[in-house]
Number of protein chains: 4
Amino acid sequence: MLEDLKSRVLEANLELVRKNLVIYTWGNVSGIDRKSGLVVIKPSGVDYDELKVEDMVVVDLQGKIIEGHFNPSSDTPTHLVLYKDFKEIGGVVHTHSEWATSFAQAGLSVPAFGTTHADYFYGEIPCTRAMIEGEIKGEYEKETGNVIVETFKNINPLFTPGVLVNGHGPFSWGKDCDEAVYHSVVMEQVSKIAFNTINLKGNRNPMDQVLLDKHFFRKHGKNAYYGQK
Amino acid sequence: MLEDLKSRVLEANLELVRKNLVIYTWGNVSGIDRKSGLVVIKPSGVDYDELKVEDMVVVDLQGKIIEGHFNPSSDTPTHLVLYKDFKEIGGVVHTHSEWATSFAQAGLSVPAFGTTHADYFYGEIPCTRAMIEGEIKGEYEKETGNVIVETFKNINPLFTPGVLVNGHGPFSWGKDCDEAVYHSVVMEQVSKIAFNTINLKGNRNPMDQVLLDKHFFRKHGKNAYYGQK
Amino acid sequence: MLEDLKSRVLEANLELVRKNLVIYTWGNVSGIDRKSGLVVIKPSGVDYDELKVEDMVVVDLQGKIIEGHFNPSSDTPTHLVLYKDFKEIGGVVHTHSEWATSFAQAGLSVPAFGTTHADYFYGEIPCTRAMIEGEIKGEYEKETGNVIVETFKNINPLFTPGVLVNGHGPFSWGKDCDEAVYHSVVMEQVSKIAFNTINLKGNRNPMDQVLLDKHFFRKHGKNAYYGQK
Amino acid sequence: MLEDLKSRVLEANLELVRKNLVIYTWGNVSGIDRKSGLVVIKPSGVDYDELKVEDMVVVDLQGKIIEGHFNPSSDTPTHLVLYKDFKEIGGVVHTHSEWATSFAQAGLSVPAFGTTHADYFYGEIPCTRAMIEGEIKGEYEKETGNVIVETFKNINPLFTPGVLVNGHGPFSWGKDCDEAVYHSVVMEQVSKIAFNTINLKGNRNPMDQVLLDKHFFRKHGKNAYYGQK
């Protein structure tokens with residue numbers, strides 16, 4: 001079942017390793033089949049170099065395992081909250097990539113400092129508030145999703161395809177699992193450049209709004225003119 | 001047409017990937033044939049590992065496509081301004097390489113801190129002023145070229161073969177596309193060392209002028225004695 | 001004798017090179033056979049790419065060479081103190097990996113800044129006090145072990161499987177030599193992210209205790225639910 | 001002539017590339033045959049991947065070319081001053097490796113912060129004074145050697161096998177060209193760790209002298225006990 005999606009989710013997980021975003025088992029990718037409402041996700045704690053298509057786990061949006069001989073990623077409830085609330089996304093990625101995680105640990109959003117950022121993220125990459133004791137001791141992974149959704153109350157998740165969970169690390173998403181991985185790579189790269197920028201300029205003032213608009217909409221929306229049509 | 005130049009421009013684009021200056025489609029190289037006034041440039045938004053010689057786009061100095069089945073890089077108008085104003089250059093490179101981009105995002109020139117810098121750049125690598133709203137909303141990529149040219153009003157572009165566009169990233173050039181790539185690698189390396197130097201010494205005072213002169217002219221001009229004659 | 005353990009210890013030493021934790025001969029791994037009380041350790045100053053199974057040295061807990069044609073690592077007495085005092089560990093690793101060593105040289109513990117850290121270390125990775133003259137001029141390597149043990153007077157070494165020796169570098173351990181290497185990789189990665197975090201946030205306040213508890217016990221102890229059972 | 005030394009000097013030059021200490025032509029290694037007083041050195045400005053044994057240049061201690069179809073490295077006069085003054089060394093290396101160069105550009109010595117440093121350098125790696133105008137405009141490369149020798153007036157070059165030339169970069173040496181390369185790798189690594197240490201602890205106080213003594217003499221001199229005898 002969902003063999004094609006399983007293959008793509010597997011490949012997307014392996015791409016995280018190739019792009020140096022994860023070591024050991026420190027990341028997970030999922031993809032959703034919106035017609036059936038089923039989600040394919042990496043199993044928990046299995047080494048990347050042993051992962052096979054048939055190890056992928058299929059769950060429904062309530063988290064019930066529909067197919068698979070392994071437990072799904074322990075972060076599955078976070079993925080599910082995102083799929084339920086961000087209705088247009090098709091893939092979700094979580095990593096502990098080092099530069100994005102550094103901002104998450106500092107409790108800081110990544111400011112939009114330049115056009116590299118603006119080509120993909122329409123404004124800062126937000127950092128969530130710290131979670132409170134009741135959330136952490138309760139349904140922790142689900143609450144992690146909730147605090148992300150709360151952060152996006154007034155932000156369009158398609159225009160800002162990633163977030164930093166305070167004290168934890170990055171989540172990203174996209175129209176499918178490949179684009180979600182692409183966005184996790186971009187988030188890591190712009191986090192690194194932002195770190196350097198902060199250590200050079202000594203403040204966190206973002207770029208001009210008009211330059212942000214220019215670059216984001218050069219690549220997105222009906223007036224985009226980057227690439228081949 | 002211009003088959004040899006197309007091959008060289010293709011190779012120069014791939015060299016950016018091998019030198020770790022670009023990920024995905026984040027860069028472009030062009031070369032000019034000064035006799036015909038035609039420019040060969042990378043197509044927009046095509047993956048580097050799929051690029052073929054026949055995908056290179058030929059444009060004239062007014063930006064008209066003379067040959068090619070793809071749109072040229074969206075940064076083409078910037079390249080053309082540089083070719084028109086810097087009459088002795090033969091190749092142009094644009095990347096979002098991380099260390100040079102960090103300085104661009106901080107709005108800072110790269111100071112000439114040492115002989116590694118002085119071997120290639122005769123003084124600081126300048127950062128342009130920030131572009132204004134009219135420029136950004138107008139012919140943006142052409143205005144990007146104009147603000148570079150404005151920055152070089154009193155600077156010899158052959159002695160300072162690169163620039164940081166404020167809030168954006170580096171452009172470099174050279175006598176041909178290979179040298180332009182070479183200069184983009186050097187710019188990235190000296191930017192990185194300059195970042196470290198600033199974080200060690202706590203100020204931005206450049207090296208002595210006499211040492212700058214010594215190293216630059218040891219490699220450039222009629223009294224150069226580095227390398228084989 | 002102990003052929004299987006020798007093979008594993010050899011492989012664990014080579015893994016340090018593959019994970020970029022050591023250059024030249026700057027590290028060593030040992031493993032203990034608790035039944036016989038014998039320890040297998042890398043020989044001193046032999047290149048990693050020439051190491052063979054038969055070069056591994058077998059010593060008893062008093063440091064007497066039981067088998068081997070080479071001298072054991074000069075850090076052997078440190079390993080032995082740890083095996084004697086931390087009775088549940090089965091492997092020990094010492095490296096000069098760059099980020100952990102940076103904290104050791106600064107005389108600073110690595111704060112528990114985020115969940116990447118909390119997944120493996122239950123609280124800060126402690127830095128020992130500086131050793132005093134008598135210890136340095138005496139049985140130096142043995143005293144290095146003693147100062148580690150002193151640091152863990154009130155810390156469970158199974159919950160904090162690593163330490164920074166002040167002005168020196170990291171030691172880590174685990175239930176066997178493979179896990180000890182795994183912990184040395186994790187220590188290096190969280191040290192790097194912690195360095196970035198400090199340089200972003202400007203202080204060293206650790207994460208909330210409740211989040212630390214959550215992540216550590218999600219992976220350890222009887223209520224763990226990460227991975228496959 | 002000196003075929004064996006030429007081979008070793010060639011290999012030592014290539015090792016600089018493999019250890020990521022140089023890009024393009026940014027480095028050079030030489031070796032001396034003390035019996036004949038002849039020095040073998042890399043030719044100037046020739047790409048590393050085209051270097052062949054027969055391209056190595058043989059000069060005498062006055063800098064006269066004895067054999068070779070290329071010009072020797074433009075830094076040859078610096079090497080010769082070192083061979084003449086440091087009579088026990090057999091190889092010299094110059095690079096622009098990024099971390100050591102960062103300290104040179106900041107005009108700072110690399111403090112002895114920890115045992116990684118103390119295993120090879122008996123005290124700080126000194127940075128020379130800035131050269132004055134007369135020296136720079138005169139016999140520049142020879143004066144570069146002289147300012148190094150001046151820096152070592154009260155330092156044993158065998159105990160401190162490297163230096164930072166102010167505003168320029170590192171030189172290292174050893175009993176032969178291989179050890180000189182080894183020391184250039186170590187210098188780069190301890191420079192990087194020292195940079196991190198400074199950015200963590202906020203000061204430049206070195207380690208205790210007694211720990212420095214312990215580690216240096218554990219590996220050097222008649223009471224050394226590291227490695228195999």
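In segment C:47-54 there is at least one residue that is in a helix (DSSP H, G or I) and modelled with pLDDT of 95 or more.
One residue alone among A:ASP75, A:ASP55 is farther than 29 Å from A:GLY123 by Cα and among the acidic types (Asp, Glu), and that residue is A:ASP55.
Looking at D:LYS42, D:LYS35, D:LYS64, can you tell me which residue is of a type in the set (Lys, Arg) and either closer than 17 Å to D:SER7 by Cβ or modelled with pLDDT under 95 (or both)?
Values: D:LYS35 fails: either closer than 17 Å to D:SER7 by Cβ or modelled with pLDDT under 95 (or both); D:LYS64 fails: either closer than 17 Å to D:SER7 by Cβ or modelled with pLDDT under 95 (or both).
Selected residue: D:LYS42, the only one of D:LYS42, D:LYS35, D:LYS64 that is of a type in the set (Lys, Arg) and either closer than 17 Å to D:SER7 by Cβ or modelled with pLDDT under 95 (or both).
Restricting attention to segment B:56-67, the residues that are touching a residue at least 40 places away in the same chain (Cβ under 8 Å) and within 20 Å of B:GLU15 (Cβ to Cβ) total 1.
Considering only residues that are surrounded by 18 or more Cβ atoms within 10 Å (Cβ to Cβ) and among the hydrophobic types (A, V, I, L, M, F, W, C), which ones fall in segment C:12-22? First the steps, then the outcome.
Keep residues of segment C:12-22 that are surrounded by 18 or more Cβ atoms within 10 Å (Cβ to Cβ), which gives C:12-13, C:15-16, C:21-22.
Once the filter is applied, which keeps residues that are surrounded by 18 or more Cβ atoms within 10 Å (Cβ to Cβ) and among the hydrophobic types (A, V, I, L, M, F, W, C), segment C:12-22 yields C:ALA12, C:LEU16, C:LEU21, C:VAL22.
A:VAL186 meets each of the listed conditions (1) closer than 28 Å to A:VAL81 by Cα; (2) in contact with a Pro (Cβ under 6 Å, 6 or more places away or on another chain) apart from (2).
Only residues that are outside any loop (DSSP other than H, G, I, E, B) and acidic (Asp, Glu) were counted across segment C:62-77, and they come to 1. Give me the residue from segment A:32-50 that is touching a strand residue (DSSP E or B) at 6+ places or on another chain (Cβ under 9 Å) and under 30 Å from C:HIS183 (Cβ atoms) and, out of that set, surrounded by the fewest Cβ atoms within 10 Å (Cβ to Cβ). Filtering first and then ranking leaves A:TYR48. Against the definition (touching an Asp or Glu at 6+ places or on another chain (Cβ under 6 Å), within 29 Å of A:ASN196 (Cα to Cα) and surrounded by 19 or more Cβ atoms within 10 Å (Cβ to Cβ)), how does C:ILE198 come out, yes or no? Criteria not met by C:ILE198. If you check C:SER97 against the conditions, is it in contact with a strand residue (DSSP E or B) (Cβ under 8 Å, 6 or more places away or on another chain) and buried (at least 24 other Cβ atoms within 10 Å of the Cβ)? In short, yes.
Could you say whether any residue in segment A:91-114 is on the phi > 0 side of the Ramachandran plot, free of Cβ contacts under 8 Å to residues at least 40 places away in the same chain and not hydrophobic (A, V, I, L, M, F, W, C)?
The first filter runs over segment A:91-114 and keeps only residues on the phi > 0 side of the Ramachandran plot, leaving A:107.
Going one step further and asking which of them are free of Cβ contacts under 8 Å to residues at least 40 places away in the same chain, we end up with none.
Scanning segment A:91-114, I find no residue that is on the phi > 0 side of the Ramachandran plot, free of Cβ contacts under 8 Å to residues at least 40 places away in the same chain and not hydrophobic (A, V, I, L, M, F, W, C), so the answer is no.
Within the set B:VAL9, B:VAL29, the sole residue that is assigned to a strand (DSSP E or B), surrounded by 22 or more Cβ atoms within 10 Å (Cβ to Cβ) and not basic (Lys, Arg) turns out to be B:VAL29. Summed over segment B:56-77, residues that are surrounded by 14 or more Cβ atoms within 10 Å (Cβ to Cβ), within 12 Å of chain A (Cβ to nearest Cβ) and closer than 16 Å to A:TYR226 by Cα total 9. When the residues of segment B:78-100 are filtered to those that are β-branched (Val, Ile, Thr) and assigned to a strand (DSSP E or B), the one that is nearest to the other protein chains (Cβ to nearest Cβ) is B:THR95. Here the condition is being in contact (Cβ under 8 Å) with a residue 60 or more places away in the chain and within 22 Å of B:VAL149 (Cα to Cα); of B:VAL39, B:VAL81, B:VAL22, it holds for B:VAL81 alone. Taking segment C:114-229 as the region of interest, the helices (runs of 4 or more DSSP H) fully inside it that hold 1 or more residues being within 14 Å of chain A (Cβ to nearest Cβ) and over 19 Å from C:THR101 (Cα atoms) are C:115-118, C:177-201, C:209-219. Here C:ASN20 does not qualify as within 12 Å of C:CYS177 (Cβ to Cβ), under 19 Å from the mean Cα position of the chain (by Cα), modelled with pLDDT of 95 or more and within 14 Å of chain D (Cβ to nearest Cβ).
The values are calculated or read from the model by the stated rules, or taken from the named source; none is laboratory data. Computed from a predicted model, the values in this text were never measured in an experiment. In this analysis, Cβ positions are derived from the backbone assuming ideal geometry, glycine residues included, and neighbour counts consider all displayed protein chains.
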